[in-house]
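Colleague: Shown below is the structure under consideration.
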Amino acid sequence: MKLYVCWGTFQTPRPPHGHPCHNAYQALRMAGHDPEVIKVRGLGVGPGFLHLTTDGRREVERISGQRVVPVLVADDGEVVTDSRRIIDWAEAHPA
Ligand SMILES: N[C@@H](CCC(=O)N[C@@H](CS)C(=O)NCC(=O)O)C(=O)O
């Protein structure tokens, strides 16, 4: 499986629950998965003229129809956007 993240899976003090990419990665690891982590870098939020598009971000947009990470692509090709939904997916699909 592949997990597309922003700049990494490190934790940050961002409210309310910390760094979404970290939370998604951690939930997948806790469920016994070892996802391939793809750092898309750039910037996917804010006004379009500020977006820093990278190959990874174009890939995220092509796969999921939107630019915000984290995005999970499961081994069967299922695409899951939003960290909360990825956490739910991990809990429902232990390795
Ligand atoms: N509600 C979303 C928020 C995701 C989010 O804010 N992601 C951060 C990166 S960790 C962001 O800045 N996304 C915009 C981007 O892709 O640059 C989630 O929980 O997945």
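Colleague: Which one of these is modelled with pLDDT under 90, of a type outside the set (A, V, I, L, M, F, W, C) and more than 10 Å from the ligand (Cβ to nearest atom): Arg41, Arg29, Arg58?
Modeller: Just one listed residue meets the conditions, Arg58.
Colleague: Scanning for something at pLDDT 95 or above and either within 8 Å of the ligand (Cβ to nearest atom) or loosely packed, with under 14 Cβ neighbours inside 10 Å (or both), does region 1-13 turn up at least one residue?
Modeller: yes
Colleague: Now, a different point. So Arg84 passes all but one of these: (1) surrounded by 17 or more Cβ atoms within 10 Å (Cβ to Cβ); (2) near the ligand (Cβ under 9 Å from one of its atoms); (3) at pLDDT 95 or above. Which condition number does it fail?
Modeller: With (1) surrounded by 17 or more Cβ atoms within 10 Å (Cβ to Cβ); (2) near the ligand (Cβ under 9 Å from one of its atoms); (3) at pLDDT 95 or above applied to Arg84, the lone miss is (1).
Colleague: Follow-up question, since we're still on this one. Which residues, taken from region 79-95, are of a type in the set (Gly, Ala, Ser) and either farther than 19 Å from Cys6 by Cβ or touching a strand residue (DSSP E or B) at 6+ places or on another chain (Cβ under 8 Å) (or both)?
Modeller: Ala92, Ala95
Colleague: Are there any pairs, at least 6 apart or on different chains, whose C-beta atoms fall under 8 Å, with the first in region 8-19 and among the hydrophobic types (A, V, I, L, M, F, W, C) and the second assigned to a loop (DSSP other than H, G, I, E, B), and if so, which?
Modeller: Phe10/His19
The values are calculated or read from the model by the stated rules, or taken from the named source; none is laboratory data. As the structure is a computational prediction, the values presented were derived from the model and not from experiment. Ideal geometry is used to build each Cβ from the backbone, glycine not excepted, and the neighbour counts take in all protein chains shown.
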